[in-house]
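Encoded as structure tokens, the structure appears first; notes follow it.
The values are calculated or read from the model by the stated rules, or taken from the named source; none is laboratory data. The structure presented is a predicted model; accordingly, all values stated were derived computationally and were not measured. Cβ atoms come from the backbone with ideal geometry, glycine included; neighbour counts cover every protein chain shown. The area values use the complete protein model at the heavy-atom level, side chains included, leaving out ligands, DNA and RNA. Shrake-Rupley method; radii C 1.70, N 1.55, O 1.52, S 1.80 Å.
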Amino acid sequence: MELDELYTDLILEYSQSSAYKKPLIQPNRKMRGVNPSCGDNIELELKVDNDIIQEIGLLGNGCAISQASASMMAELIEGKTVKEAKELAKTFIGMIQKTVTNGEELKILEEARAFQNISNMPARVKCAVLSWHTLEEALGED
Amino acid sequence: MKDFRKDFPLFTNIDKQGRSIAYLDNAATTQKPYAVLQAQEEYYKNKNANPHRGAYDLSIEATKVLDDVREKTKRWLHVPIDGEIIFTKNASESLNLVAYSYGMTYIKEGDEIVLAVSEHHSNLVPWQMVAKAKGAHLTYLYLNEEGRITLEEANRKITSKTKLVAIAQVSNVTGLVSPIEEIIGLAHSKGAVVVVDGTQGAAHLAVDLENMDADFYAFSGHKMLGPMGIGVLYGKKKYLNEMPPFLYGGDMIEYVEEQSTTYAPVPQKFEAGTQNMGSIAGFGAAIDYLEQIGMSQIQRIEEDLTRYLLERLSSVSHVNIIGSSSLENRIGVVPFVVDGVHPHDVVTILNKDLVAIRSGNHCAQPLHSFLKVPATCRASVYLYNTKEDIDRLADSLKGVRRWLGYGA
Ligand SMILES: Cc1ncc(COP(=O)(O)O)c(C=O)c1O
């Protein structure tokens, strides 16, 4: 994968977005996710009411890839049900692991499909999936 | 000056553009010279048998390799007559050996263990384990603005309650050399035992354990041109003799009966099971290689490279060296950040120019919390690096911010 496929305008824009980068007043789910080897460290806060993800707060810090991925995730899951968010997480992680390759199935990821090629960059895979794994943990088992 | 790169096969690998790697992650591990690889191969081709276990010539030869490398290590480190060398798998295992065997036996409730906030996790987490298990307290030495451990700080924190001081000779993040002899003197005057993590020291400095007077000294062979899988623990015999074994099994015993066992004397007591003989042979060759050049010559070469590295890094705009940018009491390990770019992105971008440095927290999370930086980049040199490697690093760094969408 070439650098210009990695650091695209879209990914850079999301990596610098501050739309969700503030603590929530009353989050009811909180989860920390770290990549100890590279220093990515995010704290995901959620406000879930009536099974709907109402608000998302992204704290901590990390590289452009983990930050962009987290921002896109926040945008995608806002207003979704817990079940839908879990489906998104499964699809995103499946896309990166190349177990989900069907274009139709991937459609629900919208702009987050920009990370599809990162599976060819083993050193950065963990950055892209960090926020999604953290989301899965925050939402818990079915 | 001799072109050391010729001795290292990895540098003969050339990419499509005719480049070999600018390897600047020597604090993580070093490349291996032919001499080390050949010694490993020679062992398995011509001397391989289980040391200590056979009465035939080949086994005796294998035992001799083990004994010879142990003696060589002692000479190289100026091990005093009342000290011994134990082979382990790496520095982490050496430090765990001390924590489990010495720490768990002698540290008691209410005791204090003093360590530097800059310790590598390998010399920190084992002590947390001991402190938790025993109800002891961990007290940290903090760093001054330059990133150094001062004697004033040591004087404040090392008290009569201190039973053990665990400290790195050289930090693997800041590259700064600790005033280790003074700290050891102070600790001894308070009755504390000192465990020195020499992982970044042994590879780059002339070590004299007799003068240093450390009670324990640990390091890994792979950071000083040796193979992976071989570590060293030096200890004073007065402690080693009394400490319980760390691992139990074959080779470390005298008499085994159904209900009880007596143990072999030090060092065998701490070397249970078949050792990594190939790596031990390779480690011996690494010492020979370093000795042939001479540690003082290596220090001169690295000082030259470090001066150049500090200069070049300072000259790139938006690059900020963390901690000291002075040459004094340091080795060629330099941490830095690039404004607005996360270290992991820096490394990805440098990788495209075949420049290898490290990003992250370098197994020193408490240090990064103390410095209030989530992660850093780290460049580290060894004797085979060249100014050209450093130029390639600096040139590549100049392009980093553009990839992240900054003007320059
Ligand atoms: C100062 C220091 N201590 C301990 C270690 C651990 O070495 P190893 O991973 O070989 O056990 C390292 C290397 O990462 C180090 O730099």
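Values as computed for the structure displayed
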quantity: Size of charge dipole - segment A:3-139 - debye, nearest 20, with Cβ of Lys, Arg +1 and Asp, Glu -1, no other charges; calculated: 420
quantity: Relative contact order for chain A, counting Cα pairs under 8 Å that sit 6 or more residues apart, in percent; calculated: 26
quantity: Sorted largest first, extent of segment B:160-293 alpha carbons per principal axis (Å); calculated: 51, 42, 24
quantity: Segment A:26-142: projected area of the alpha-carbon convex hull, averaged over directions, in nm²; calculated: 6.8
quantity: Farthest positive-ward along the protein assembly as shown dipole, Cα basis, beta-carbon charges - from B:Leu247, A:Gly62, B:Val196; calculated: B:Val196
quantity: Solvent-accessible surface (1.4 angstrom probe) belonging to B:Val65, in square angstrom, nearest 10; calculated: 20
quantity: Partners for B:Lys163 among lysines (Cα-Cα distance below 28 Å; same-chain residues under 8 apart left out); calculated: B:Lys74, B:Lys89, B:Lys108, B:Lys132, B:Lys134, B:Lys190, B:Lys236, B:Lys237, B:Lys238, B:Lys269
quantity: Cα gyration tensor shape for segment B:37-291, rounded if a/c is under 1.5, else prolate or oblate; calculated: oblate
quantity: R0 of 41 Å, Cβ-Cβ distance A:His133-A:Asp4: FRET efficiency to nearest 0.05; calculated: 0.90
quantity: Peptide A:33-39, shielding by other chains (average Cβ, 10 Å cutoff); calculated: 6
quantity: Distance-filtered residues of segment B:320-338 - backbone nitrogen under 11 Å, label point 7 angstrom along B:Lys387 Cα→Cβ; calculated: none
quantity: Loop-located trypsin sites (Lys or Arg not before Pro) in segment B:372-403 whose Cβ has at most 14 other Cβ within 10 Å (DSSP); calculated: B:Lys372
quantity: Modelled FRET efficiency - R0 45 Å, A:Glu13 with B:Glu242, Cβ distances, 0.05 increments; calculated: 0.10
quantity: Calculated FRET efficiency for the pair B:Gln297/B:Glu182, C-beta based, R₀ 22 Å, to 0.05; calculated: 0.25
quantity: Simple label model, 7 Å out from Cα along Cβ direction - B:Asp288 to A:Lys30, nm; calculated: 6.0
quantity: Size of charge dipole - the protein assembly as shown - debye, nearest 20, with Cβ of Lys, Arg +1 and Asp, Glu -1, no other charges; calculated: 320
quantity: Net dipole in debye of segment B:26-139 [+1 Lys, Arg Cβ; -1 Asp, Glu Cβ; about Cα centre; nearest 20]; calculated: 200
quantity: Global form of the protein assembly as shown, assessed from the alpha-carbon gyration tensor, a/c cut-off 1.5; calculated: prolate
